[in-house]
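Q: My questions all concern the structure below.
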Amino acid sequence: MALREERVEFLSEGLTLEGRWLKPARGGGAAVVCHPHPQLGGTMDNNVVLAVAETLAEQGLGTLRFNFRGVGLSRGSYGFMRGEVEDVKAALAWVEELPEVDQGKLFLVGYSFGGLMALYAAAETGGLSALALVSPMSPDKGFAKDPRLKALAHSRLPAFAGTGSRDAFCPPKALEGLTQVLPCRTRIFPDADHFWWGREEEVAQAVAEFLSACG
C-alpha cells in the first residue's frame with residue numbers, strides 16, 4: 001500500500017509543533033505515536049516510531065507522529081517531562097478534532113521516553129481506546145512508586161507493554177512494576193535490546209495486533 005503522509009502543525013501551550021499525519025481508511029480510528037528522549041537524539045523519525053506508524057497505517061488506522069517541543073521544527077525547548085506530557089495531550093486533542101477519525105477508536109503509542117510520556121498523558125486524560133508501550137522508560141523510583149501514575153491503578157484502559165530480553169534501559173523486571181500500576185498485557189522479545197535494530201517490524205506488528213483486537 002502506498003502511504004501518503006501529510007505535514008501538519010498543531011499547538012501545545014502556544015508552541016507550534018510539527019508532525020506527520022497518515023489519514024485513516026474510511027471509518028478508521030487513529031493513533032498518536034510518541035518518540036524517544038529529546039535530549040538523547042529522539043525524533044519522530046526514529047526507527048521504531050516510523051515502523052509502528054507505517055504498520056498501523058497499513059492496517060487502516062490514521063497515525064500522527066510528531067516532534068516534542070524543541071525538536072526539529074517544533075518550537076520551544078525541553079519541558080522536563082511536564083511540557084512533553086502536554087505535547088502528547090495536544091496531539092491527542094488535534095486528532096480528536098479531525099472529522100475523518102472514528103473517535104471511538106483513539107489509541108496512544110509510545111516508545112522509550114515517549115512511552116513514559118504516553119503513560120503520564122493517559123493518567124491525565126480520558127477517551128482513549130487503548131495504550132501500547134514499547135520499551136517504556138521507567139521513572140526514577142520505578143513505575144509502582146510514581147505518584148503520577150496512581151490514577152491508572154483502577155483503570156480499565158486496555159494496555160500492552162513490550163520490551164526485549166536484552167533491554168538495559170527497560171529490562172523485563174521493570175514491566176513487573178508497571179503491571180502493579182496498570183493491568184496490562186506484557187511481552188518479552190527474546191534477544192531484542194532497547195534500540196530494536198532489525199526487529200522494528202516485529203514489535204510494530206505486535207503493537208498493531210494488540211490495537212486491532214481492542215478496536
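Read-outs throughout are calculated quantities, based only on the coordinates presented, and are distinct from any laboratory measurement. Quick caveat, the model's predicted, so the values are computed rather than measured. When we count neighbours, we look across all protein chains shown, and the Cβ atoms used for this are built from the backbone with ideal geometry, even at glycine.
Q: If you add up the charges near Pro139, with Lys and Arg at +1 and Asp and Glu at -1, over every other residue whose beta carbon is less than 9 angstrom from its beta carbon, what do you get?
A: +1
Q: Also, quick follow-up: As an exercise, identify the trypsin sites (Lys or Arg not before Pro) in region 118-215 lying in DSSP coil whose Cβ has no more than 10 other Cβ atoms within 10 Å.
A: Hits after loop and neighbour filter: Lys141, Arg156.
Q: Distance between Cα centroids, region 151-172 to region 80-132: provide it in whole Å.
A: Taking the Cα centre of each part, region 151-172 and region 80-132 sit 16 Å apart.
Q: P(r) of the chain in 5 Å steps, Cα pairs, percent per bin?
A: Reading upward from the zero bin: 1, 8, 17, 22, 22, 17, 10, 3, 0.
Q: Dipole of region 81-215, Cα-centred, from +1 at each Lys and Arg C-beta and -1 at each Asp and Glu C-beta, to the nearest 20 debye?
A: 640 debye
Q: Let me ask another. Using DSSP to call loops (not H, G, I, E or B), can you name the trypsin sites (Lys or Arg not before Pro) in region 1-44 whose Cβ has at most 16 other Cβ atoms within 10 angstrom?
A: Listed in order of number, the matching sites are Arg4, Arg26.
Q: Same structure, new question: Name the residue farthest towards the positive end of the dipole of region 5-214 from the options Val71, Ala192, Leu56, assuming +1 on Cβ of Lys and Arg, -1 on Cβ of Asp and Glu, about the Cα centre.
A: Ala192
Q: Nearest 5 is fine: what % of DSSP beta bridges in region 1-124 come out antiparallel, could you say?
A: In region 1-124, DSSP labels about 55 percent of beta bridges as antiparallel.
Q: Here is a further query. How high is the relative contact order of region 5-214? Use alpha-carbon pairs under 8 Å, at least six apart in sequence, and give a whole percent.
A: Here the relative contact order equals 19 percent.
Q: Another question, if that's okay. Defining a contact as two alpha carbons under 8 Å apart and six or more residues distant in sequence, what relative contact order in percent does region 51-159 show?
A: The normalised contact order for region 51-159 reaches 19 percent.
Q: Which cross-chain or sequence-distant (5 or more) residues have an amide H under 5 Å from the amide H of Val71, H modelled 1.01 Å from N in plane?
A: For Val71, whose amide H was placed from the backbone, there are no distant partners under 5 Å.
Q: Checking the a/c ratio against 1.5 first, then a/b against b/c, what shape does the Cα gyration tensor give for region 1-58?
A: It is oblate, given that a/c is not under 1.5 and a/b is not larger than b/c.
Q: Please list, by residue number, every one of the GluC sites (Glu not before Pro) in region 30-134 that is coil in DSSP and has at most 15 other beta-carbon atoms within 10 Å.
A: Sites meeting the loop and neighbour criteria: Glu97, Glu100.
Q: Which order do Tyr120, Tyr78 fall in if you start with the one that has the fewest other Cβ atoms within 10 Å?
A: Lowest count first: Tyr78, Tyr120.
Q: Add +1 for every Lys or Arg and -1 for every Asp or Glu among the other residues with Cβ under 14 Å from the Cβ of Arg187, and state the total.
A: After counting each charged neighbour, the total is -3.
Q: Right, something else. If the cut-off is 29 Å between C-alpha atoms, which lysines fall inside it for Lys141, apart from same-chain ones fewer than 8 positions away?
A: Output for Lys141: Lys89, Lys150, Lys173.
Q: Please compute the net charge surrounding Glu5, taking Lys and Arg as +1 and Asp and Glu as -1 over other residues with Cβ under 10 Å from its Cβ.
A: +3
Q: Full extension from Arg75 to Ser165: what is 0.36 nm times the residue separation minus their Cα-Cα distance, to one decimal in nm?
A: 28.8 nm
Q: For region 5-214, give me the percentage of DSSP beta bridges that are antiparallel, rounded to the nearest 5 percent.
A: If I count the DSSP bridges inside region 5-214, around 35 percent turn out antiparallel.
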